[in-house]
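**Student:** The structure's right below; bear with me while I get my questions together.
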Amino acid sequence: MTGRHSAADDPLAPTTYAWAVEASDLSVHAGHSLAVDRLDLRLRNGVHGLLGPNGAGKTTLMRAVATVLRPAAGRLTVLGHDVAHDDLRPVRRRLGYLPQEFGYYRNFTVREFVEYVAWLKELPAGTIPAAVQRAIDRVQLTDRADHRMKTLSGGMLRRAGIAQAIVNDPRILLLDEPTAGLDPDQRLDFRALLRDLGTDSCVLVSTHLVEDVAAACTDVSLIHTGQIVMTGTPKDLAAAGETAPGDPGDSAAERGYSALMRRHREATRP
């Protein structure tokens, strides 16, 4: 795949904005419920973990950053564009998004599926074959590239989903529960891929698997009832666990997660 454009010919070059993602006092609804509640978050390049229990607001926040949902209040900018007011087509071309459940045509091959997404992202036609092959190779589906999607296992489908998310060399990559269905070896490979992708992109990973965040992320944000509980590094998370040996978890990071969430619930209890 060809390299990134320079700031001179790319209106979304990093020099044109201070933060890849910036949320200020952000509120977002999921249906009739307020799922993100006055949240503040700022992200640059790197791999950012978003940890929280089911119903914490992780998926709603991801959908807002993906420009699928509009803010109910507050401000959200993505690659310098205001999600509520600006033309978002240039932003969407530079996004990669893997939702928890993604749609695909069952009779497409893996290659056809990733090519289709590349076309939707408006990649130049001449660059698509190489971009598709590189994305497939990076998720280790080379030997399945010409197999139909309906023949893939759950883990292979997840990897095909990651391939479509990275085919356009995104500036922002959003991965919602990306390791679901991956076996232990595939999870290790995926962590290495994340670290590679985070060198020149802003990667936001929503998960409930603390160990994936501890191993692959440059920083982590804990979210509960739509609000950020803590932002820090995986080392900060582990340090919180070392001072709370009585909280549940098989590692310091897991105990830190449990301790911080417990303290938040206690502090906000009526």
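The values are calculated or read from the model by the stated rules, or taken from the named source; none is laboratory data. In this text the structure is predicted, and so the values were computed from the model without any measurement. Reconstructed Cβ throughout: ideal geometry from the backbone, glycine too, with neighbour counts over all protein chains shown.
**Student:** Condition first: touching a Cys at 6+ places or on another chain (Cβ under 6 Å), closer than 20 Å to R94 by Cβ and modelled with pLDDT of 95 or more. Can you find one or more residues in the range 132-148 that meet it? Let's see the steps before the verdict.
**Tutor:** First pass over the range 132-148, keeping only residues touching a Cys at 6+ places or on another chain (Cβ under 6 Å): none.
Looking through the range 132-148, none of the residues is touching a Cys at 6+ places or on another chain (Cβ under 6 Å), closer than 20 Å to R94 by Cβ and modelled with pLDDT of 95 or more.
**Student:** Let me ask another. Name every residue in the range 143-200 that is closer than 29 Å to G126 by Cβ, of a type outside the set (G, A, S) and part of a loop (DSSP other than H, G, I, E, B), in order of residue number.
**Tutor:** D146, H147, L152, V167, N168, D169, P170, R171, T199, D200
**Student:** Between a first residue in the range 220-234 that is more than 19 Å from A64 (Cα to Cα) and not assigned by TED's automatic domain parsing to the domain that holds A30 and a second residue that is among the polar types (S, T, N, Q) and part of a strand (DSSP E or B), which pairs have beta carbons less than 7 Å apart while being 6 or more apart in sequence or on different chains?
**Tutor:** Short answer, once both residue conditions are applied: none.
**Student:** Looking at (1) of a type in the set (K, R); (2) over 20 Å from L175 (Cβ atoms); (3) at pLDDT 95 or above, which is the only condition R89 fails?
**Tutor:** Looking at each condition in turn, R89 falls short on (3).
**Student:** Anything in the range 118-156 that is in contact (Cβ under 8 Å) with a residue 40 or more places away in the chain and basic (K, R)? List them, or say none.
**Tutor:** Residues satisfying the conditions are K121, R134, R138, R148, K150.
**Student:** Could you list, in sequence order, all residues of the range 134-156 that are of a type outside the set (V, I, T), more than 21 Å from the chain's Cα centre (by Cα) and surrounded by fewer than 17 Cβ atoms within 10 Å (Cβ to Cβ)?
**Tutor:** D143, D146, H147, R148, K150, S153
**Student:** Take the residues in the range 219-243 that are surrounded by fewer than 19 Cβ atoms within 10 Å (Cβ to Cβ) and part of a loop (DSSP other than H, G, I, E, B); name whichever of them is modelled with the lowest pLDDT.
**Tutor:** The extreme case among them is T243.
**Student:** Given the conditions (1) in contact with a strand residue (DSSP E or B) (Cβ under 9 Å, 6 or more places away or on another chain); (2) closer than 25 Å to A20 by Cα; (3) surrounded by fewer than 21 Cβ atoms within 10 Å (Cβ to Cβ), and given that L120 satisfies all but one, which numbered condition is not satisfied?
**Tutor:** With (1) in contact with a strand residue (DSSP E or B) (Cβ under 9 Å, 6 or more places away or on another chain); (2) closer than 25 Å to A20 by Cα; (3) surrounded by fewer than 21 Cβ atoms within 10 Å (Cβ to Cβ) applied to L120, the lone miss is (1).
**Student:** While we're here: Does L41 meet the test of being in a loop (DSSP other than H, G, I, E, B), among the aliphatic types (A, V, I, L, M), closer than 29 Å to L222 by Cα and touching a residue at least 12 places away in the same chain (Cβ under 8 Å)?
**Tutor:** Details: in a loop (DSSP other than H, G, I, E, B): no; among the aliphatic types (A, V, I, L, M): yes; closer than 29 Å to L222 by Cα: yes; touching a residue at least 12 places away in the same chain (Cβ under 8 Å): yes.
Considered against the rule, which asks whether it is in a loop (DSSP other than H, G, I, E, B), among the aliphatic types (A, V, I, L, M), closer than 29 Å to L222 by Cα and touching a residue at least 12 places away in the same chain (Cβ under 8 Å), L41 comes out as no.
**Student:** If a residue has to be more than 12 Å from N168 (Cβ to Cβ) and either part of a loop (DSSP other than H, G, I, E, B) or of a type in the set (S, T, N, Q) (or both) to count, how many in the range 97-132 make the cut?
**Tutor:** Final tally of qualifying residues: 11.
**Student:** Name the pairs: first residue in the range 164-186 and under 23 Å from L79 (Cα atoms), second residue assigned to a loop (DSSP other than H, G, I, E, B) and basic (K, R), Cβ to Cβ under 8 Å, at least 6 apart or on different chains?
**Tutor:** As it stands, the answer is V167/K121; N168/R94; N168/K121; D169/R4; P170/R94; R171/R94; I172/R94, since those pairs meet every condition given.
**Student:** Of all residues in the range 73-96, how many are assigned to a loop (DSSP other than H, G, I, E, B) and either in contact (Cβ under 8 Å) with a residue 12 or more places away in the chain or under 29 Å from T179 (Cα atoms) (or both)? Spell out how you get there, then give the answer.
**Tutor:** Narrowing the range 73-96 to residues assigned to a loop (DSSP other than H, G, I, E, B): 79-80, 83-88, 94.
Now drop any that are not either in contact (Cβ under 8 Å) with a residue 12 or more places away in the chain or under 29 Å from T179 (Cα atoms) (or both), which leaves 79-80, 83-84, 88, 94.
Total satisfying the criteria: 6.
**Student:** For the range 47-96, give me each residue that is loosely packed, with under 15 Cβ neighbours inside 10 Å and touching a helix residue (DSSP H, G or I) at 6+ places or on another chain (Cβ under 8 Å).
**Tutor:** Across the range 47-96, the qualifying residues are P53, R70.
**Student:** Out of T67, T60, which single residue is assigned to a loop (DSSP other than H, G, I, E, B) and either hydroxyl-bearing (S, T, Y) or under 14 Å from the mean Cα position of the chain (by Cα) (or both)?
**Tutor:** Details: T60 fails: assigned to a loop (DSSP other than H, G, I, E, B).
Result: T67 is the single residue among T67, T60 that is assigned to a loop (DSSP other than H, G, I, E, B) and either hydroxyl-bearing (S, T, Y) or under 14 Å from the mean Cα position of the chain (by Cα) (or both).
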